[in-house]
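See below for the structure under consideration.
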Amino acid sequence: MEKNELIIYEGAMCCSTGVCGPEPDRGLIVFSETLKRLQNEYGERLTIMRASLTFNSLIFLAHPEIARLVKKHGQGILPITTINGEIIARQKYLKYEELKAAIEEKTNPMNCSSKTR
């Protein structure tokens, strides 16, 4: 069984999910639920990680393309979403349907009729 990795590189937050405080961001609440749903669906076949500049800054440095983009554009380029190291989105949190489609495309290339972009 092949294991895949979904990483969301995020800006500085007050906690690891951004869903805290008296008035948490509704978009981050929905995104957290999306990630839970995906984890339940894929189980051990998918590792999901949220890397925040506040809590996981070394992960940014471990991925040269991510570090280069943040250095060049600042935190405004975040969030950046990767699947198996490949950037699939910048500057927005993907919806469930978008993430699911991207995961399927990147992890099951036989399901795609072409990989041209």
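Quick check: net charge around L28, other residues with Cβ under 12 Å of its Cβ, Lys/Arg +1 and Asp/Glu -1?
Details: positive: R26, R50; negative: E10, E23, D25, E33.
Local net charge: -2.
For labels at N4 and A101 in the simple 7 Å Cα→Cβ model, what's the distance in nm?
Result: 1.4 nm between the two label points.
Taking amide H positions as placed 1.01 Å from N in the peptide plane, with prolines and chain starts having none, which residues 5 or more places from I88, or on another chain, fall under 5 Å of its amide H?
The answer is T81, T82, I83.
I need the phi-derived Karplus couplings for the stretch 96-107: 6.51 cos²θ - 1.76 cosθ + 1.60, θ = phi - 60°, integer Hz, Gly and Pro marked x.
Residue by residue, the stretch 96-107 yields 3, 4, 5, 5, 4, 4, 5, 4, 4, 5, 6, 9 Hz.
Throughout, read-outs are computed from the coordinates displayed, never taken from laboratory work. This is a predicted model, so every value here is computed, not measured. As a convention, Cβ positions derive from the backbone with ideal geometry for all residues, glycine included, and neighbour counts pool all protein chains shown.
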